[in-house]
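See below for the structure under consideration.
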Amino acid sequence: MGNGPSRFHREYKQNAISTSDQGKLILMMYDGAIKNLQLAKESMKTKSIASKGVYIRKTHDIVNELSLALDMNKGGEIAERLEQLYQYILSQLTLANIKRMDLKPVDEALRVLNTL
């Protein structure tokens, strides 16, 4: 009984995702990536390495999905440029994982995601 509200929250989110159009879904993914990076920054400030890794991995998974969803045939130059940006973000996330407490790669990934 204690996890009832969280179950309803999960069901609501799942329903929101399954009924969203493609543009809304992409925005939700960007929002999720940004939120996770902000949480990674907070984890770094509190020196919680494990939490930082979890949030960076979640962001990595989201950006990787965005990259895989690109249709290079239909998207042309825009898809190619987005792919370059996604690969850059992924490289910054790798650096953020390697450099334990360096905020620069996280801030750089956030800058690009916020711009998109």
Those residues of the stretch 48-97 which are among the small types (G, A, S) and surrounded by 13 or more Cβ atoms within 10 Å (Cβ to Cβ) amount to S48, S51, G53, S67, A69, G75, A79, S91, A96
For the stretch 52-94, which residues satisfy the criterion of being within 16 Å of E108 (Cα to Cα) and polar (S, T, N, Q)? T59, Q84, Q87, S91, Q92, T94
Take the stretch 98-116 and flag every residue that is among the β-branched types (V, I, T) and open to solvent by 20 Å² or more (accessible area, probe 1.4 Å). I98, T115
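Say whether the condition of being at pLDDT below 60 and either of a type outside the set (F, W, Y) or surrounded by 11 or more Cβ atoms within 10 Å (Cβ to Cβ) (or both) is met by at least one residue in the stretch 20-41.
No.
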Scan the stretch 60-88 residue by residue and report those that are farther than 18 Å from I34 by Cβ and touching a residue at least 24 places away in the same chain (Cβ under 8 Å). none
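The values are calculated or read from the model by the stated rules, or taken from the named source; none is laboratory data. If you're wondering where the values come from, they're calculated on a predicted model, not measured in any experiment. Using ideal geometry, Cβ is built from the backbone for each residue, glycine included, and neighbour counts are taken over all protein chains shown. Ligands, DNA and RNA are stripped out before the accessible areas are found, and what is left, the full protein with its side chains, is counted by its heavy atoms. Shrake-Rupley method; radii C 1.70, N 1.55, O 1.52, S 1.80 Å.
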